[in-house]
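The values are calculated or read from the model by the stated rules, or taken from the named source; none is laboratory data. A quick note: this is a predicted structure, and the numbers were derived from the prediction, not measured. So basically every Cβ, Gly included, is an ideal-geometry build from the backbone, and we count neighbours across all protein chains shown.
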Amino acid sequence: MLITPANSLPRTLEELLPPGLASKIDRLDVFSRRVFAGKLPGERRSKRRGRSVEFDDFRPYVAGDDLRHIDWNVYGRFERLILKLFREEEDMALHVILDASASMGAGSEPARAGGEEIPTKSVYAHRLAMALAYVGLVKNNRVSVASFGGAGGTSVLRAVRGRSSLRRISDFLLGSLNAVPGAPDFNSDLRSIAARISGRGVAVLISDLLAMDGVSGGIAAIGAAEHGALDAYCLQVLAPSELDPGRSAAQGLTGDLRLTDVETARGREVTVSPAAIAQYRKNAGAFVEGCRAACRARGVSHFLVPTDTPIDRLVVDSLRRGGMMR
């Protein structure tokens, strides 16, 4: 697989989040199926009735209700004690967790006729993380970002809020993207990040889920973060050539080859033949299904995301249909 040269990596907020993409996702919002009472003012409203400025309904007064919420105009006209009910403001948190390991640096492909160059999984994942963070910030949600798998271990940007924080998040993501990648302890790193999550809402893991020791422990940690009070999602980012190596075969990657694991540096002699490609496709399908099953078992929604999927289409269509956006 091809690696994107360092000089082609995004270096600015505008390269991470092009204005055209921002305009397409500007009206979206992250959605949580769970409804929580908020601690800080936000733009969303929960279905719980509480004290806010947004009127919801009336109901008869019962002993113990707050007298300040009685509608005295109704009492003056009908001599009945009626309580005004309001929508309670809900504070939403979005936690984006990003795989920055060496395996994410693979997957770039040159542009084909009528198409665009396919970036590495890492570039795609960082752009996707920036797009999700942007959606959260413009709706005044609290947004935190964490990365793992770099040579320096895990890194966390504590929760920020509002459009003015776009630059802080882009600086964090650009630093992650340009950092030296490493070989993560997937499950240990995610347990560490999950233990630091605070605030209820939505957690999103963006990773290729390629881990030597499996991913069940890390996925379980994300599913159980904040005592299981989060809607958790896993966006499994894989290159088209990883799903179908026939694409690489078309570029001449056939015959007797020596492949080297980018994280362990272990090499292996292989013969790339039509039969080997067919077996690989079968194994790749089983791998993705295994990841999906591991997510489902722990209450985490799984999405397979090929890196030739335009990010605007992924966010506006796929994630919206999947219940993560609205």
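For residue 264, which of the numbered conditions (1) outside any helix (DSSP H, G or I); (2) over 19 Å from the mean Cα position of the chain (by Cα); (3) at pLDDT 95 or above fails to hold? Result: residue 264 fails condition (3) only.
The sole residue among 316, 270 that is assigned by TED's automatic domain parsing to the domain that holds residue 23, part of a strand (DSSP E or B) and closer than 27 Å to residue 112 by Cβ is 270. Scan the range 26-48 and tell me whether some residue there is assigned by TED's automatic domain parsing to the domain that holds residue 174, loosely packed, with under 12 Cβ neighbours inside 10 Å, at pLDDT 80 or above and out of contact with any Asp or Glu (no Cβ under 9 Å at 6 or more places or on another chain). Yes, the range 26-48 contains at least one residue that is assigned by TED's automatic domain parsing to the domain that holds residue 174, loosely packed, with under 12 Cβ neighbours inside 10 Å, at pLDDT 80 or above and out of contact with any Asp or Glu (no Cβ under 9 Å at 6 or more places or on another chain). Might you let me know whether the range 184-207 holds any residue that is farther than 18 Å from residue 94 by Cα, aliphatic (A, V, I, L, M) and in the same structural domain as residue 124 (by TED's automatic domain parsing)? Within the range 184-207 (the criterion being farther than 18 Å from residue 94 by Cα, aliphatic (A, V, I, L, M) and in the same structural domain as residue 124 (by TED's automatic domain parsing)), the answer is no, since none of the residues qualifies.
Does the range 245-255 contain any residue that is among the charged types (D, E, K, R) and modelled with pLDDT of 85 or more? No - not one qualifying residue is present in the range 245-255.
Yes/no matrix, rows are residues, columns are (1) buried (at least 24 other Cβ atoms within 10 Å of the Cβ); (2) closer than 18 Å to residue 19 by Cβ; (3) modelled with pLDDT under 95:
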| residue | (1), (2), (3) |
| --- | --- |
| 109 | no, no, yes |
| 122 | yes, no, no |
| 127 | no, yes, no |
| 130 | yes, yes, no |
| 164 | no, yes, yes |
| 171 | no, no, no |
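Scanning the range 297-325 for residues that are out of contact with any strand residue (DSSP E or B) (no Cβ under 7 Å at 6 or more places or on another chain) and under 22 Å from residue 225 (Cβ atoms) turns up 297, 298, 323.
Does any residue of the range 82-93 turn out to be at pLDDT 90 or above and more than 30 Å from residue 206 (Cα to Cα)? Yes - at least one qualifying residue is present in the range 82-93. Strands (runs of 3 or more DSSP E) fully within the range 66-177 that include at least 3 residues being without any contact (Cβ under 8 Å) to a residue 60 or more places away in the chain: 82-89, 142-150, 153-161. Across the range 210-232, the number of residues qualifying as under 14 Å from the mean Cα position of the chain (by Cα), surrounded by fewer than 24 Cβ atoms within 10 Å (Cβ to Cβ) and outside any helix (DSSP H, G or I) comes to 1. Scanning the range 145-157 for residues that are surrounded by fewer than 24 Cβ atoms within 10 Å (Cβ to Cβ) and under 22 Å from residue 202 (Cβ atoms) turns up 154, 155, 156, 157. Each residue in the range 198-222 was checked for being within 20 Å of residue 323 (Cβ to Cβ), aliphatic (A, V, I, L, M) and touching a Ser or Thr at 6+ places or on another chain (Cβ under 8 Å), and 1 pass.
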